[in-house]
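The values are calculated or read from the model by the stated rules, or taken from the named source; none is laboratory data. What you are looking at is a predicted structure, and each value in this text was computed from that prediction instead of being measured. SASA here: full protein model, heavy atoms, side chains in, ligands and nucleic acids out. Shrake-Rupley method; radii C 1.70, N 1.55, O 1.52, S 1.80 Å.
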Amino acid sequence: RTMSRPHPLTPDQQLQQQLDDTSRALAAAQAGYDQCADQDLLEYYLYEISALRAKHTYLLRQRREP
């Protein structure tokens, strides 16, 4: 029995998948920050959250462009 290959994603679907993945990563980083007490780790989470927000904004702009 052969397994069928999934259909390749369209560029719009790929972009939406990246947005979804980034949103999940941002939520995880925010949860980590909320539960953290170590100062060095807090700085890491702040950096991670900032980077993920920038990425999310960029992806949203890509989706709006024709």
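Quick notes
- Verdict on R24 being of a type in the set (D, E, K, R) and assigned to a helix (DSSP H, G or I): yes
- Screening segment 27-66 for residues that are of a type outside the set (A, V, I, L, M, F, W, C) and not in a helix (DSSP H, G or I) and picking the one that is farthest from the chain's Cα centre (by Cα) gives D38.
- Given (1) open to solvent by less than 90 Å² (accessible area, probe 1.4 Å); (2) farther than 25 Å from E65 by Cα; (3) not in a helix (DSSP H, G or I), index of the condition L9 fails: (2)
- I49 meets the conditions (1) at pLDDT 95 or above; (2) open to solvent by 100 Å² or more (accessible area, probe 1.4 Å); (3) β-branched (V, I, T) in every case but one. The failed one is (2).
- Options A31, A37; residue that is aliphatic (A, V, I, L, M) and open to solvent by less than 90 Å² (accessible area, probe 1.4 Å): A31
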